[in-house]
Amino acid sequence: MKGMPDIIAHLRDMNPRRRIFGLYSTVFMVIVWSDFLFMRFRIPLFEHNAFLPETGAFLLYLWIILFLDEFVLILQGNNYLSTVVGLVKRASFLVIGVYALAALLLAINGVSTRPVIIKTARIAMVSQPYRGALNYGKVVIDGWDASGGRREIVVASSDEAALYAGQDVEIVLRKGILFLDRVLEIRQDLEKYYGKMLKASPDSQVALRGLVLICAETGRFAEALKWYSIYAEKSGDPDGIGLELGRRMIEAKQYGQAAGFLKEVVQREREYENLYTLGYALAWAGEKLEAEKYLREATELDPADYRAFYSLGYVCRDTNQLEKAQKAWTTVLNLLPHFPEVEKNLREVEQRLAAKGS
């Protein structure tokens, strides 16, 4: 506590001009820092309660006026006005302190690794971004809860071009450590958008392709397969969406389902990526002898790509075809020298072959 009186005494002894610049620069930094935190760690507030950034804007403009008056002395030239200005300053210090504390709590709440939640809603109203020292807008979200309540969310001006009243949106949320929902992103609800597009144009490849990918990303593979069958029937899958869907299944560890689906993709087009991905899925599904067939065909189509040889080595090793595994991993090292994992596997296979020969 001894240091506090020393700081106050030092401030009193400072040159008046330096003291003024020090005071105002500190106030400006605290306000701007608080505004940044309110927008960076934003939370959905009840309608007409998302006023906090306006508080920062008001304080900032107020202190700009007070700063300018330190030099022109218009407000301080009158005793009555000077007294009022002093009261305003002291009151604003309290408001700034509360404002900064609220911003700090939002920042603390934002430190969280909890799962992301996606909420679907509709925009009821969008405000234009404020101009000047601060640049932000707000959206009012309709149908926030079962009772149809509304929430108001601060948005950056860069988001304004993509948001409009009446738009279906997805709000990406994460529960913070203070149990407040932090808004990570407001984005267009593309699933509803593509659904409307299909109603207007049932043969829309853009909508069908989009629905396949959205369902795949959210792990709804039955729906994704349904949309893909329609898409492939109408277009023949020129963009390789089937391969992407198969990869998403593999990422979700749905290896058997992925393998069954990718067989259909391979029948349509026997090209390297399709064959390699099918072989990979079969290997993880435990169908390693069948996986070998597709991986070997992939190596013949593109002998310069190491991935099929890499997986083929594991498949052959696990089915006790050590010579084939040795050959596959030797090819990998020829294509990609200094691959520690493959070098280790190759040594183990060679040791097993040597033991087998002796």
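The numbers here are math on the coordinates, done by the rules we state, and not lab data. Not measured: the values here are computed from a predicted model. Please note: Cβ atoms are built from the backbone with ideal geometry, for glycine as well, and neighbour counts cover all protein chains shown.
Overview of values
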read-out: Relative contact order of the chain, pairs being alpha-carbon contacts under 8 Å that are 6 or more residues apart, as %; value: 9
read-out: Nearest-20 debye value, the chain charge dipole, Cβ charges on Lys, Arg, Asp, Glu; value: 1120
read-out: Residue among Leu275, Tyr294, Ala162 farthest towards the positive dipole end of the chain, charges placed on Cβ; value: Ala162
read-out: Trp144, Trp329 arranged by Cβ crowding within 10 Å, fewest neighbours leading; value: Trp144, Trp329
read-out: Distance (nanometres) between label positions extended 7 Å along Cα→Cβ at Leu178 and Ile118; value: 2.9
read-out: Order of Val126, Val265 under a 10 Å beta carbon neighbour criterion, fewest first; value: Val126, Val265
read-out: Percent RCO, i.e. relative contact order, over the range 240-357, from Cα pairs under 8 Å lying at least 6 residues apart; value: 16
read-out: In order through the range 228-245: 3J(HN,Hα) via Karplus (6.51 cos²θ - 1.76 cosθ + 1.60), integer Hz, x for Gly, Pro; value: 5, 4, 5, 4, 5, 5, 7, 10, x, 6, x, 9, x, 5, x, 4, 5, 5
read-out: Ranked Ser92, Ser147, Ser34, Ser25, criterion: other C-beta atoms within 10 Å, fewest first; value: Ser147, Ser25, Ser92, Ser34
read-out: MRE, 222 nm, helices only [DSSP H, n ≥ 4, -39500 (n - 2.57), over the chain, to nearest 500]; value: -20500 deg cm²/dmol
read-out: Long-range amide H partners of Ala124 with built H, under 5 Å; value: Val140, Ile141, Asp142, Gly166
read-out: Too-long pairs where the Cα-Cα distance tops 32 Å, listed order kept, from Lys119/Lys288; Lys253/Lys356; Lys175/Lys234; Lys226/Lys288; value: Lys119/Lys288; Lys253/Lys356; Lys175/Lys234
